[in-house]
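K.L.:
This is the structure I want to talk about, given as structure tokens.
All of the numbers you see were taken from the coordinates with simple rules; none came from a lab. Small disclaimer: the values here were computed from a predicted structure and weren't measured. Positions of Cβ are generated from backbone atoms using ideal geometry, with glycine treated the same way; all protein chains shown enter the neighbour counts.
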Amino acid sequence: MRILIYKWKAYNYRDIYETFLSMGYTVDVIEQQLKSYDEDAAFEERLTGQLKQTKYDFVFTVNYFAVISKVCERCRVKYVSWSCDNPLISMYHKSVFFDCNYIFLFDKQNFLEFKAMGVPHVYYLPLAVDTDRMDALLAEAEDLNLYRNEVAFVGSLYERNTYDKIKNTLPEYLKGYLDATMQAQMSVSGANIIEEMLTPDILEEIAEYFSLEKSEDSFSSLGLIFSTTVLGFKIAAMQRKKGLLELSKHVPVTIYTNSNTADLLRVTYRGSVDYWTQMPKVFHMSKINLNFTIPNIYTGLPLRMWDILGAGGFLMTNYQAELPDFFTENKDFVCFDGEKDLVEKTLYYLSHEKERQAIARSGHEKVKTLHTYRIRIKEMLDILEKSK
């Protein structure tokens, strides 16, 4: 089997690439910055030439690119994509109905949405982790003590978000309504209520202050784009900052990020970490690793959860509806519901070391046994085989 992968800055690209190779497949890579996910004449010409020159079983990408789908449809080559972000605005495009596509989504609610639309080849496939890579890295590391923490958070604070840029242009009523919507979302665990709060009347007002830009082949709506790219990122910023500030009043908290941490006065800032060489060490050496799932992910488990468990880290996270499908709460991971619960559970597990370590070991063993990239990709390839 020969596969062509389009390479971009997806964190899990390398794990997928290495897994294809380890399974004995030939993998070629095409890399080029796109002018647009929808159209790029130069890239389309280059990809078309590649597909005509070499016979591939399929083209693969992390996330969905309409421009690649269009070329594959013309060249009659299968196009396989596996999402690592949700929702993919690029998927709300008429090209998703092309017969060449085999689209794998990690968020079950999003998968059901596209299936209900009649997209012919859309499948549910959760994310995964390469525990062998992480285990080998950690076994050989001589600097693990540099990454020792009581409580750690790795991720963005989303302080540069669109809502903060436009909020002063909004009328007081609309700003108040949106602020209340975001506060309501923050009080709900495991469900997204933002889109249903954006009623037709509210969207009509928003349209006067927010410009919706999309291609003519896109069927994404103002409600979808505003709820995710504007309110979703702002809510994530509020949740993360509020949780870290409250927790730092009680225990030492460390953050690894590219974001501006000036407002997090009691939180220790240690810069950013490399996904491949440093991040697993943080997860492995921190007593507690925090995950705050952005509300744009409806029910699925973000890559961060898998990475923490894959490194043998103790995972403390907000609730997601799909968690019970894979893991057992208080055995493989721990959930928190709001800042008070976060503080109480953090204090408990910091003072119960054996229990905390047992949970981390159980979570690691479960992903190592059931949720590796090799297992997921075999499932993906079995689906492709059955479709012949």
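K.L.:
Identify all lysines with a Cα-Cα distance to LYS167 below 16 Å; exclude those on the same chain that are fewer than 8 residues away in sequence.
P.N.:
Straight-distance partners of LYS167: LYS175, LYS234.
K.L.:
Sticking with this one: So for CYS335, CYS72, CYS100, CYS84, fewest C-beta neighbours within 10 Å to most, what's the order? Let's see the in-between values first.
P.N.:
Numbers: CYS335 19, CYS72 26, CYS100 22, CYS84 16.
Placing the least packed residue first, the sequence is CYS84, CYS335, CYS100, CYS72.
K.L.:
Now for a different question. Report the one residue of ALA360, SER387, PHE226 whose Cα lies farthest in the direction of the positive end of the charge dipole of the chain (charges on C-beta: Lys and Arg +1, Asp and Glu -1; origin at the Cα centre).
P.N.:
ALA360
K.L.:
Over the chain, what is the mean sequence separation of C-alpha contacts under 8 Å (at least six apart), divided by residue count, expressed as relative contact order in percent? Show your work: numbers first, answer last.
P.N.:
Working: 636 pairs, mean separation 68.4, N = 388.
In percent, rounded to a whole number, it is 18.
K.L.:
About its Cα centre, how strong a charge dipole does segment 131-370 have in debye, to the nearest 20, once Lys and Arg get +1 and Asp and Glu get -1 at the Cβ?
P.N.:
With Lys and Arg at +1 and Asp and Glu at -1, about 940 debye.
K.L.:
What per residue convex hull volume, in Å³, do the alpha-carbon atoms of the chain yield? Display every interim value, and only then the final one.
P.N.:
On the way: hull volume 56.1 nm³, N = 388.
Dividing the Cα hull volume of the chain by its residue count gives 145 Å³.
K.L.:
Now a separate question. Distance in nm between label sites at LYS35 and GLU205, each 7 Å beyond Cα in the beta-carbon direction?
P.N.:
4.0
K.L.:
Using per-residue counts of other Cβ atoms within 10 Å, averaged over each peptide, order 285-296, 10-21 from highest down.
P.N.:
Details: 285-296: 22.8, 10-21: 18.3.
Result, highest mean Cβ count within 10 Å first: 285-296, 10-21.
K.L.:
Could you sort out which of LYS7/LYS366; LYS94/LYS214; LYS70/LYS94; LYS9/LYS366 sit more than 18 Å apart by Cα distance in this structure?
P.N.:
Values: LYS7/LYS366 29 Å; LYS94/LYS214 12 Å; LYS70/LYS94 10 Å; LYS9/LYS366 28 Å.
As for pairs spanning more than 18 Å Cα to Cα, those are LYS7/LYS366; LYS9/LYS366.
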